[in-house]
Amino acid sequence: MEKFNTYFITGGAGFIGSHLTARALSEGKRVIALDNFSTGSIDNIDSFKSHPYYEFHEGSIHDLRLLKELSQSADIIFHLAAAVGVELIVNDPLNTIETNIRGTENVLHAATKNKTPVFIASTSEVYGKSEQFPFKEENDIVLGPSYLSRWSYAATKLVDEFLALAYSAQRELPVVIARFFNTIGPGQTGQYGMVVPRFIQQALAGESITVYGDGEQSRCFCHVSDVIEAVLRLINEPKAYGQVFNIGSQEEISINQLAERIISLTQQETQRQQRVKITHTPYEQAYRPGFEDTVRRVPDTSKVEQLVGWQPQYKLDRTIKDIIHSLVSAVAA
Ligand SMILES: NC(=O)c1ccc[n+]([C@@H]2O[C@H](COP(=O)([O-])OP(=O)(O)OC[C@H]3O[C@@H](n4cnc5c(N)ncnc54)[C@H](O)[C@@H]3O)[C@@H](O)[C@H]2O)c1
C-alpha cells in the first residue's frame, strides 16, 4: 500500500508534472501543484482544475515562503520544475542556473522542517560527453567547457544531485534522485526544441523534417507513463532513498531513423499520401557557433530494475502513435 496521500508537484503544469498529476488523481491522491508557466501550459492542467483533490498555485520555486507553505500539507514533494529544453538553455543560461540551483535549494530547504521526502528529477545530460556506454549511475562524468552555455543544464542538474545527497546525509532528508533519459508522450510540445513532438508537428503540417547535425546521433525514448511508473515504485521503496537511478528506455534509434519512422507512422495513422522530406541543419545554425551535441545516450537501467522490478512497457512505435493521435485531436478540438 502506498504511504503517500498528498503529492506536492513543482512544475505541475509541465509535461511530466501533468502526467504525474493525472495518475495521482486517478489513484485517489491529493495534488498540490506549483508552476510559473514558463514552459508549462494551462492546457496541461485544464482537465484537473475542477477536481476536488486538486489545488493549483501559480508561482515560482524562487518563492521560499510559498514553498514552505505548500510543503506543510504534503506527504511527498516531486521536484520537477526546471529550466528545460536546449533552445531555452542556450538562449538564457542565467535563468537556467538560477532556476535549477537556487530553486532546488529552496525546495530542499522547505522540505527539511518536516523531513518531507523529496523526489528530484535529474537528467541523462549529466553524463555529458562520456563514451562509457551504456551509462551507469556510478560512471565518471565528462562535461564540456563552461563557455558553452549548453552545458549549464547538465552542470546545474549535477549540482542539484550533490545538494540533494548532502541534504540527505547531513539533514536526514529522505531524497530519491532519478536521471530521466529522453521522455516523450502525449502533451509534450515541440516549442522548446523537444525533437519528437517537433518532428511529428512538422510531418503533420506537411513540412520537411529538420534534423539538426548529421542525424547519426542516437537517443532512447521512453513513454512518460513508463517513467512515472518507475518514479512511483522508487518513492515507495525505502532502499531507494539517498540514491541515484537511471530511468529510460534501451531502444536506441538514430535521429535520421527517428525522422523516417515518424514520416511513415504519420502517413499510416493519418492516411496521407504526401511524403515529407528530411533536411539537415548544422548545429551552428540551429543553436549557435560551437554547439556540441552528445553522440549517444543509452541508459543501463539494471539498478532500478533490480530494486523495484521496473522495465519500460511501451515500444517506441506505440509511443509515437500516441503522440500523433494527441496532436491530431488537439488540432481538431
Ligand atoms: N522530458 C524529458 O525528456 C526530460 C529528460 C530529463 C530530465 N527531465 C526533467 O524532468 C523535469 C520535468 O520536465 P518536463 O519534460 O516535464 O518539462 P516541462 O518544461 O514541461 O516542465 C517543467 C515545468 O517547470 C515549470 N517551471 C520552470 N521554472 C519554474 C519556476 N521557477 N517555478 C515554478 N515552475 C517552474 C515550467 O513552467 C514547466 O511547467 C525537469 O526537471 C527536467 O529537467 C525531463
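The values are calculated or read from the model by the stated rules, or taken from the named source; none is laboratory data. In this text, all values refer to a predicted model and were calculated from it rather than measured experimentally. For neighbour counting, all protein chains shown are included, and Cβ atoms are generated from backbone atoms with ideal geometry for every residue, glycine included.
Residues in segment 117-142 that are outside any strand (DSSP E or B), in contact with a Ser or Thr (Cβ under 9 Å, 6 or more places away or on another chain) and surrounded by fewer than 20 Cβ atoms within 10 Å (Cβ to Cβ): K129, S130, P134, K136, N139, D140, I141. With respect to (1) modelled with pLDDT of 95 or more; (2) within 16 Å of the chain's Cα centre (by Cα), the lone exception for V195 is condition (1). Of the residues making up segment 255-282, those that are under 24 Å from E131 (Cβ atoms) and crowded, with 17+ Cβ neighbours inside 10 Å are I255, N256, L258.
Hey, can you tell me all the residues within segment 308-333 that are of a type outside the set (S, T, Y), within 16 Å of D226 (Cα to Cα) and assigned to a helix (DSSP H, G or I)? Steps first, answer last, please.
Step one: list which residues in segment 308-333 are of a type outside the set (S, T, Y), which gives 308-313, 315-318, 320-325, 327-328, 330-333.
Next, from what is left, pick out any that are within 16 Å of D226 (Cα to Cα): 308-313, 315-318, 320-323.
Residues satisfying the conditions are V308, L316, D317, R318, I320, K321, D322, I323.
Residue pairs whose Cβ atoms lie under 6 Å apart, sitting 6 or more positions apart in sequence or on different chains, and linking a residue in segment 305-326 that is of a type outside the set (V, I, T) to a partner that is buried (at least 21 other Cβ atoms within 10 Å of the Cβ), are W310/A230; W310/V304; P312/C222; P312/S249; Y314/H223; L316/F221.
Could you say whether any residue in segment 290-304 is of a type in the set (G, A, S), loosely packed, with under 12 Cβ neighbours inside 10 Å and at pLDDT below 95? Taking every residue of segment 290-304 in turn, none turns out to be of a type in the set (G, A, S), loosely packed, with under 12 Cβ neighbours inside 10 Å and at pLDDT below 95. Taking strands (runs of 3 or more DSSP E) as the structural unit, those lying wholly within segment 204-301 and holding at least 2 residues that are in contact (Cβ under 8 Å) with a residue 40 or more places away in the chain, under 28 Å from G14 (Cβ atoms) and within 17 Å of the chain's Cα centre (by Cα) correspond to 218-220, 243-247. The lone criterion from (1) away from the ligand (no atom under 15 Å from the Cβ); (2) part of a loop (DSSP other than H, G, I, E, B) left unmet by A111 is number (2). Any idea which of F48, F4 is under 12 Å from F78 (Cα atoms) and either more than 16 Å from the chain's Cα centre (by Cα) or surrounded by fewer than 19 Cβ atoms within 10 Å (Cβ to Cβ) (or both)? Being under 12 Å from F78 (Cα atoms) and either more than 16 Å from the chain's Cα centre (by Cα) or surrounded by fewer than 19 Cβ atoms within 10 Å (Cβ to Cβ) (or both) holds for just one of F48, F4, which is F4. Can V84 be described as surrounded by 16 or more Cβ atoms within 10 Å (Cβ to Cβ), modelled with pLDDT under 95, under 25 Å from T189 (Cβ atoms) and not charged (D, E, K, R)? Taking the combined requirement at face value, the residue satisfies it.
Considering only residues that are under 24 Å from E269 (Cα atoms) and buried (at least 23 other Cβ atoms within 10 Å of the Cβ), which ones fall in segment 172-194? Quick ask: steps written out before the conclusion?
Keep residues of segment 172-194 that are under 24 Å from E269 (Cα atoms), which gives 182-191, 193-194.
Selection gives T183, I184, G185, Q188.
Scanning segment 135-186 for residues that are more than 16 Å from the ligand (Cβ to nearest atom), within 28 Å of K315 (Cβ to Cβ) and in contact with a strand residue (DSSP E or B) (Cβ under 8 Å, 6 or more places away or on another chain) yields a single hit, K136.
Got at least one residue in segment 105-115 being under 26 Å from D293 (Cα atoms), among the hydrophobic types (A, V, I, L, M, F, W, C) and touching a helix residue (DSSP H, G or I) at 6+ places or on another chain (Cβ under 6 Å)?
Within segment 105-115, the subset under 26 Å from D293 (Cα atoms) is none.
No, segment 105-115 contains no residue that is under 26 Å from D293 (Cα atoms), among the hydrophobic types (A, V, I, L, M, F, W, C) and touching a helix residue (DSSP H, G or I) at 6+ places or on another chain (Cβ under 6 Å).
Name the single residue that is modelled with the highest pLDDT among those in segment 38-61 being out of contact with any helix residue (DSSP H, G or I) (no Cβ under 6 Å at 6 or more places or on another chain) and under 17 Å from E98 (Cβ atoms). Within segment 38-61, the match that is modelled with the highest pLDDT is S60. Within segment 187-207, being near the ligand (Cβ under 9 Å from one of its atoms) and either farther than 30 Å from R233 by Cα or of a type in the set (G, A, S) (or both) holds for one residue alone: G187. Looking across V126, V118, V142, one residue alone is of a type in the set (A, V, I, L, M, F, W, C), farther than 27 Å from E229 by Cα and without any contact (Cβ under 8 Å) to a residue 60 or more places away in the chain. It is V142.
Residues that are out of contact with any helix residue (DSSP H, G or I) (no Cβ under 8 Å at 6 or more places or on another chain) and in a helix (DSSP H, G or I) within segment 156-183 comprise F162, L165, A166, S168, A169, Q170, listed in sequence order.
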